[in-house]
1. Could you list, in sequence order, all residues of region A:64-89 that are modelled with pLDDT of 75 or more, loosely packed, with under 10 Cβ neighbours inside 10 Å and aliphatic (A, V, I, L, M)?
2. Check A:Val17, A:Val26, A:Val41 and return the single one that is within 14 Å of chain B (Cβ to nearest Cβ), open to solvent by less than 60 Å² (accessible area, probe 1.4 Å) and modelled with pLDDT of 90 or more.
3. Could you check, for region A:14-36, whether at least one of its residues is out of contact with any strand residue (DSSP E or B) (no Cβ under 6 Å at 6 or more places or on another chain), of a type outside the set (Ser, Thr, Tyr), part of a loop (DSSP other than H, G, I, E, B) and closer than 30 Å to B:Lys184 by Cα?
4. Can you report the number of residues in region B:44-58 which are touching a Lys or Arg at 6+ places or on another chain (Cβ under 6 Å), more than 9 Å from chain A (Cβ to nearest Cβ) and either closer than 21 Å to B:Ile7 by Cβ or not hydrophobic (A, V, I, L, M, F, W, C) (or both)?
5. In region B:36-67, which residue that is more than 19 Å from A:Asp28 (Cβ to Cβ) and touching a residue at least 60 places away in the same chain (Cβ under 8 Å) is most open to solvent (accessible area, probe 1.4 Å)?
6. Within the set of pairs 6+ apart or on separate chains, which have a first residue in region B:69-92 that is within 24 Å of B:Tyr25 (Cβ to Cβ), a second that is among the charged types (D, E, K, R) and open to solvent by 40 Å² or more (accessible area, probe 1.4 Å), and C-beta atoms under 8 Å apart?
7. What are the residues in region B:136-145 that are touching a Leu at 6+ places or on another chain (Cβ under 7 Å) and open to solvent by 10 Å² or more (accessible area, probe 1.4 Å), if any?
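The values are calculated or read from the model by the stated rules, or taken from the named source; none is laboratory data. This is a predicted model, so every value here is computed, not measured. Note: ideal-geometry Cβ built from the backbone for every residue, glycine included; neighbour counts use all protein chains shown. To get the accessible areas, we keep the full protein, side chains included, count just its heavy atoms, and leave off ligands, DNA and RNA. Shrake-Rupley method; radii C 1.70, N 1.55, O 1.52, S 1.80 Å.
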Amino acid sequence: MATPPDIDKQVEDTLGVAKQIGSVNVPDGFTERTMQRINAVKNEPLISVSALLKVAVVLVMVCVNIYTMRYLLNTPAEQQPASAVTSATMDDLVNDYQVADMSNEWLNNKAVQNEQP
Amino acid sequence: MPTEIDISLLKAKDEQAFRLLVNTYSKDIYNLCLNIVHNPEDGEDLAQEAFIEAFNSIDSFREGAHIKTWLFRIAINKCYDHIKYTKRKKRFAILQPLFNRDEEPIEIPSNFQHPGIVLENKEHAAALYAALETLPENQQSAFVLYEMQGMDYKQIAETIGVSLSSVEALLFRARKGLREKLQKYYTHNASFKK
């Protein structure tokens, strides 16, 4: 696509600016600040305490998980601790939670009581 | 430029040797960072980080290589890591208040005014920097190193780790890309003014 000559000139002028960008001096105290940061890095321990703590926590979690998996895989099902839920059938569940005894009667009674003056 | 920097002293982590290194190359590294990140505060911070990285990894510096190009490579990597980090942070800034209420979202200054540009060139320079930001990293670095830092092809090749012919190709593509972007920019501006 042909572009007007003035636009081409503007483009070339803009590209020419790159060579005219002057070098800027570093801010005052740059060397001192840099050396301070270098010295801080020099005196820093190789591995920080928090990083060590994180690694330790991860290791403990991994060990606990491995132990649990091994225990579950190597122990026969009969020897594993019984689950707290013992309801084997729906009837057991109904008996355990006494679902059969429940009715809406108490609700009706309450409604009747409220209606009485 | 004084080049009596003793690499063996640097490798021994001698403070005076590092002070000399910082004094010698701070201006070049600062200007390079400034031309890439377009922010004086970030430029200073990244230039300092480049020297810290040099201090930490001086053992990996090969004897016979140029310390200047090695430092430039570290600084360029630092700058692009910073730009990526800033963009990522900006992208997820909307989620930040949910997880971290104290941290403020980072902003990239769009109207950067380079302190080394004369007043009459300010407008052209702003357009150039805006166009430069749209180029791929390697083209951008080749252009900045050649046009703004005054490096030759050999030094650029050593700095960004490519061959001489690749530098030539990168510069060609960078200029072509910049021309296209600038033409669009000025055409749009001209039609807007009418």
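1. Within region A:64-89, A:Leu73 is the sole residue that qualifies.
2. Details: A:Val17 fails: modelled with pLDDT of 90 or more; A:Val41 fails: modelled with pLDDT of 90 or more.
Residue meeting the stated conditions: A:Val26.
3. Here is the first cut: in region A:14-36, the ones out of contact with any strand residue (DSSP E or B) (no Cβ under 6 Å at 6 or more places or on another chain) are A:14-36.
When the remaining residues are screened for being of a type outside the set (Ser, Thr, Tyr), the result is A:15-22, A:24-30, A:32-33, A:35-36.
Still in the list and also part of a loop (DSSP other than H, G, I, E, B): A:21-22, A:24-29.
With the extra rule that they be closer than 30 Å to B:Lys184 by Cα, the set shrinks to A:21-22.
Scanning region A:14-36, I find at least one residue that is out of contact with any strand residue (DSSP E or B) (no Cβ under 6 Å at 6 or more places or on another chain), of a type outside the set (Ser, Thr, Tyr), part of a loop (DSSP other than H, G, I, E, B) and closer than 30 Å to B:Lys184 by Cα, so the answer is yes.
4. At the first step, the residues of region B:44-58 found to be touching a Lys or Arg at 6+ places or on another chain (Cβ under 6 Å) are B:46, B:48-50, B:52, B:58.
From what's left, more than 9 Å from chain A (Cβ to nearest Cβ): B:46, B:50, B:58.
Then keep just the ones that are either closer than 21 Å to B:Ile7 by Cβ or not hydrophobic (A, V, I, L, M, F, W, C) (or both); that gives B:50, B:58.
Looking only at that region, the number is 2.
5. B:His66
6. B:Thr69/B:Glu158; B:Ile74/B:Glu53; B:Lys78/B:Glu49; B:Lys78/B:Glu53; B:Tyr80/B:Glu137; B:His82/B:Asp42
7. Passing the criteria: B:Asn138, B:Gln139, B:Gln140.
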